[in-house]
Amino acid sequence: MTELLAIDNLTVQFRGDAGWITAVDDVSLHLQEGETLGIVGESGSGKSVTALSILRLHTSATTRWANSAITPMSCEIRITDIPRLDCSSRRRSRI
């Protein structure tokens, strides 16, 4: 299988008044073609920070990635307006 995403030792820190605050500490994951990944956790556990880091959407002036490697291998993003799909098309989009 083809590896689509590799994250090794992701640590994300944000600048605060008292210095750098660690929001995500040492997360690693690898996603292969055909696999589905779900990120679950309690409120404040770092799900959104991890996702925003993968997409590189944090402000670099106030964020640092210490000893982290995010390697997108290949990416195709398809956006579907799910509310406009008929029922059978919705079912197919979930497979």
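Per residue of the chain, the DSSP helices (runs of n ≥ 4 H) give a summed -39500 (n - 2.57) that works out to -4000 deg cm²/dmol at 222 nm.
Each peptide in 57-67, 20-30 was scored by the mean count of other Cβ atoms within 10 Å over its residues; highest first, the order is 20-30, 57-67.
Each Lys and Arg contributes +1 and each Asp and Glu -1, all at the Cβ; summed about the Cα centre of the chain, the dipole is approximately 440 debye.
Divide the volume of the convex hull around the Cα atoms of the chain by the residue count and you get 139 Å³ per residue. Shown here for region 1-77: GluC sites (Glu not before Pro) in loop regions (DSSP other than H, G, I, E, B) with at most 14 other Cβ atoms within 10 Å, namely Glu33, Glu35, Glu42, Glu76. Taking every C-alpha pair closer than 8 Å and separated by at least 6 residues, the mean separation divided by the residue count of the chain gives a relative contact order of 37 percent.
None of the figures in this text is laboratory data; all of them are computed from the coordinates on show. Fair warning: this is a prediction, and the values are worked out from it, not measured in the lab. Please note: Cβ atoms are built from the backbone with ideal geometry, for glycine as well, and neighbour counts cover all protein chains shown.
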